[in-house]
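Here's the structure we're looking at; comments come further down.
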Amino acid sequence: MTLLDQAEVPEETEKPPPLRRNKNFLLLWSGAGLSQFGVRAAVSAYPLLMLWYTGSPADAGLVGSAALLPQLLLLLPAGALVDRWDRRRLMVVCDAVGLVSMGSLAAALWFGVLSVPHVMAAAFLEGGAVIFYKLAERAAVRHVVHPDHLSAALSQNEARGQAAGLLGQPSAAVLFQAFRWLPFGVAAFTHFFALVTLLLIPKSFQDERDEEAGRSMRAEIGEGIAWVWRQRFMRAAIVIVGGSNLLFQILNLALVLIVKEGGYPPSYMAVIGIIEGVGGVLGALTASWFMKRLPLPAILIGALLGWAGLIAGIALTGQPVVLGALCAGTSWAGALLNVAAGVHQVRVTPDEMQGRAMSVFGLVGSGMNSLGALAGGLLLAAAGTYRSVLGVAAAMAVLALVALATPAVRGMGAEERQG
């Protein structure tokens, strides 16, 4: 039975109004989008802050690792709690945590009392809040849109995320060059705005639930793991994607070093970010077209092969515009894959399992990112930028070959394709 069979169908039978007239979706979309912009600006500012504040790639790796560590430690319990708690209230709390953590960094920089442990702690708190928020928002979307609009809504959400990257990364560089505290102050404000928009949405973000006495979190997490294990294609694909995500953590830090070693100021990261973001937005907006013509396994394998070639090109240039164009290609493929995989996952997952299923997929796919950031700092310090980036390209090519050789990926069944 598919999600479309299981989902509660709205009582009205007339054609639903377009998404642009869905007030609840617009509030959720705009609030989450602005907070994503703030988060992206803050995350992009971490390596700038460390490399221009302490001059140490190792410190940048430590902060990046702290920001990503929640993906390893919190994803599984977060999934269970998203399915257990009121999703909208949880999202409000997440924005409050983001506001306080980012506001504390802005204040510390303003008064000149910043320390590396403080940046690591704030990055960890912000990263944890983002995990809870993303899981709750993804699960909430199907409750504020008509089932016919689910694919379009998730595509718009991905385009919003890519646009947040398009604006957030270059904005971080420009804001940081103006005042080092400014990216974090802006991030705090965006969390406040998102909190207000959530309070304006009256609609529930989950189905009615029957409370089960004696239910433990361990049992609920176990149910999520068992359900994901039965999805042959998704469990194989997410392991492969997890490897690619780890490699991208190394690449992200390498890009900052390429700009710094080329003698360019931090604002040149804005050039790369703008061009890369355009690629991501285009990938999200064209995803529906490709999803109608290509099966999900072909999209996955094509993305891996494309990434390997583009990253090899990054190793061979230090010119910001060329770097931006190559990164735009990686971002385009990533956005396309994110939409295709996201639509598939939401459709095949029962509502009461959404948070746990996404948390398991997220843990396998991104849980090791913190180690990737830490390893990236150490690798770049030891081997240099050129060798490190070429190594990332070679590893991505190996992942593409693994995907091609994996029966569960190549042999995705009709049931799995249709959800």
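Projecting label points 7 angstrom from Cα along Cα→Cβ for VAL174 and LEU73 puts them 3.6 nm apart. Across all directions, the average flat footprint of the convex hull enclosing the Cα atoms of the stretch 47-164 is 8.5 nm². With a simple spin-label model that places each label point 7 Å from the Cα along the Cα-to-Cβ direction, the separation between VAL321 and ARG230 comes to 5.5 nm. When the Cα convex hull of the chain is projected onto planes of every orientation, the mean area is 19.3 nm². In degrees between 0 and 90, to the nearest 10, how far off the longest principal axis of the chain does helix 182-199 point, with axes built from Cα atoms? Taking the Cα atoms of the chain, the angle to 182-199 is about 10 degrees. Sorting ILE225, ILE238, ILE250 from the fewest to the most surrounding beta carbons within 10 angstrom yields ILE225, ILE238, ILE250. Taking max minus min of the alpha-carbon positions on each principal axis, the stretch 289-337 gives extents of 37, 17, 11 Å, largest first. Residue ranges 17-23, 256-262, 373-379 sort as 373-379, 256-262, 17-23 when ordered by packing (mean number of other C-beta atoms within 10 Å per residue, highest first).
If a spin label sat at a point 7 angstrom from the Cα of VAL113 along the line to its beta carbon, the backbone N atoms of the stretch 159-184 nearer than 17 Å would be those of 181. Taking the chain as a Gaussian network of alpha-carbon nodes connected by springs under 10 Å, the highest mean-square fluctuation of the residues PHE111, PHE205, PHE192 belongs to PHE111. Considering only the Cα atoms of the stretch 90-240, their convex hull presents on average a projected area of 12.5 nm². Among SER155, SER288, SER115, the ranking by other beta carbons within 10 Å of each residue's beta carbon, starting with the fewest, stands as SER115, SER288, SER155.
Among TYR53, TYR268, the ranking by other beta carbons within 10 Å of each residue's beta carbon, starting with the fewest, stands as TYR53, TYR268.
Label-to-label distance for ALA152 and VAL93 is 3.5 nm, based on points extended 7 Å past Cα in the beta-carbon direction.
3J(HN,Hα) couplings calculated from phi for the stretch 161-171 with the Karplus curve 6.51 cos²θ - 1.76 cosθ + 1.60 (θ = phi - 60°) are, in sequence order, x, 5, 5, 4, x, 4, 8, x, 5, x, 4 Hz; Gly and Pro show x. Counting only alpha carbon atoms, the long axis of helix 217-229 and the longest principal axis of the chain meet at about 90°. Each part reduced to its alpha carbon centroid, the stretch 245-263 and the stretch 109-157 end up 23 Å apart. Taking 0.36 nm per residue of sequence separation and removing the Cα-Cα distance, the ARG410/LEU199 pair yields an extension gain of 71.5 nm.
A short reminder: the numbers here are calculations on the coordinates, not readings from a lab. Owing to the predicted nature of the structure, the values given are computational and were not obtained by experimental measurement. No Cβ is skipped: glycine too gets one built from the backbone with ideal geometry, and neighbour counts run over all protein chains shown.
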